[in-house]
1. Provide a single number: the residues in the range B:94-137 that are basic (Lys, Arg) and in contact with a Leu (Cβ under 7 Å, 6 or more places away or on another chain).
2. Restricting attention to the range B:115-134, report how many residues are of a type in the set (A, V, I, L, M) and surrounded by fewer than 22 Cβ atoms within 10 Å (Cβ to Cβ).
3. Going by the structure shown, is B:Thr176 free of Cβ contacts under 8 Å to residues at least 24 places away in the same chain and more than 13 Å from chain A (Cβ to nearest Cβ)?
4. Take the residues of the range A:59-84 that are of a type in the set (Val, Ile, Thr) and either farther than 18 Å from B:Gly157 by Cβ or surrounded by 19 or more Cβ atoms within 10 Å (Cβ to Cβ) (or both): which is farthest from the other protein chains (Cβ to nearest Cβ)?
5. Given the residues B:Glu81, B:Glu137, B:Glu111, B:Glu104, which is the only one that is more than 20 Å from A:Ser23 (Cβ to Cβ) and either of a type in the set (A, V, I, L, M) or surrounded by 15 or more Cβ atoms within 10 Å (Cβ to Cβ) (or both)?
6. Within the range B:140-150, track down each residue that is at the interface with chain A (Cβ under 9 Å from one of its Cβ atoms) and either closer than 9 Å to B:Met185 by Cβ or buried (at least 24 other Cβ atoms within 10 Å of the Cβ) (or both).
7. Hey, any hits in the range B:163-173 for a residue that's surrounded by 16 or more Cβ atoms within 10 Å (Cβ to Cβ) and either within 12 Å of chain A (Cβ to nearest Cβ) or within 16 Å of A:Asn40 (Cβ to Cβ) (or both)?
8. Report those helices (runs of 4 or more DSSP H) wholly inside the range B:135-221 carrying at least 1 residues which are over 17 Å from the mean Cα position of the chain (by Cα) and basic (Lys, Arg).
Amino acid sequence: MVNKWSAALANKPTVLYEKSLRSGQNINFDGNVVILGDVNPGAEIVAGGHILVMGSLRGLVHAGALGDEDATVTALHFAPTQLRIASHITRPPDGNVDEGAKPPEYARIQNDTVVIEEYQPPR
Amino acid sequence: MGKVIVVTSGKGGVGKTTTTANVGTALAMLGKKIVMVDTDIGLRNLDVVLGLENRIVYDLVDAVRGNCRLKQALIKDKRLENLYLLPAAQTKDKTSVTTDQMMELCSKLKEEFDFVVIDCPAGIEHGFKNAIAGAEEAVVVTTPEVSAVRDADRIIGLLEAAGITEPRLIINRIRTNMVKTGDMMGVDDILDILAVDLLGIVPDDDAIVISTNKGEPTVFDDNSRPGLAFRNIARRLNGDEVPLMNLEEKRSFFSRMKAMFKSE
């Protein structure tokens, strides 16, 4: 599966946060957000565009918060408390504990549902 | 010039006061001049854990407001010459001390003492801000519970925002058996989330309950496992390299005998 990036979103401004986001800390930005660190449980990112976490994603993220359904969420370790893209809200199934090491994953909307799959670089 | 260290956690009941009492006492046992400051105004406990409750005349609020001289409010420990306590006020309001007053107090105390150990109240409001105002270093206490780790994470973020960038972590009340069976978070699980330096691990032990109720810090007891853990932590704070203690349950006399015969 090849993922596709929306050109409109790619042209939006992007913030780079060079630390981990801890519980109670949050980022609100109407473009894309890149985190060089972890997003811990209790932390929150709300972005108008894509969200990319170069670490463990364990907190709450909302990509495409202004309604853009092309927005995606990517993380090296994908285990969010809750995942929102545009007007879709998902959470991991109950009783599903963080299982440890796995490949990077990304989430997007496909046929009106949020799909999470292994990350492949766009071609 | 001494160091001001705040002991904090966010969540209540994880062992801030116990840690302050034991680490402060253990530092004093190393020959350092120590003052412990209880900043939990209205809910003071540190004096009780140290068994010094009946000696309080003046308190922290009196000292910062000038109702007494700072020296008068300091209570000397009944066991160690070089250990002092500045107790919290019990009948006054949390807002009766400002962050500026706390900073001034800390800078006065560190002229006199090698270590100023501040016991922080639970929460992240006024009392927390006061407690960290004059501190240069922080020790974050957590237990292997998801809620405590979450709060510790929040506290570390707040400490960083306040300029205390390298807090160190104490993991309290570890139960090795439960970690082994996967029923309790392990040290690695906690460090994975919090990503800070580990200052020490303290095993869960009945000795703590007994020592707290008696008003006698467990570091005085040579046979106490948490006592050893706290003494190690004090040495690390003092700049020594001490390996982490082995958390394996102590084996009974009988099983040790059996093992001995087997090896022969």
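1. Counting residues in the range B:94-137 that are basic (Lys, Arg) and in contact with a Leu (Cβ under 7 Å, 6 or more places away or on another chain) gives 1.
2. Adding up the residues that qualify gives 2.
3. no
4. A:Thr72
5. That would be B:Glu137, the only listed residue that is more than 20 Å from A:Ser23 (Cβ to Cβ) and either of a type in the set (A, V, I, L, M) or surrounded by 15 or more Cβ atoms within 10 Å (Cβ to Cβ) (or both).
6. B:Val146, B:Val149 - these are the residues of the range B:140-150 that are at the interface with chain A (Cβ under 9 Å from one of its Cβ atoms) and either closer than 9 Å to B:Met185 by Cβ or buried (at least 24 other Cβ atoms within 10 Å of the Cβ) (or both).
7. The answer is yes, given that some residue of the range B:163-173 is surrounded by 16 or more Cβ atoms within 10 Å (Cβ to Cβ) and either within 12 Å of chain A (Cβ to nearest Cβ) or within 16 Å of A:Asn40 (Cβ to Cβ) (or both).
8. Qualifying helices (runs of 4 or more DSSP H): B:146-161, B:176-180, B:206-214.
The values are calculated or read from the model by the stated rules, or taken from the named source; none is laboratory data. Here the structure is a predicted model, which is why all the values come from computation and not from measurement. Ideal geometry is used to build each Cβ from the backbone, glycine not excepted, and the neighbour counts take in all protein chains shown.
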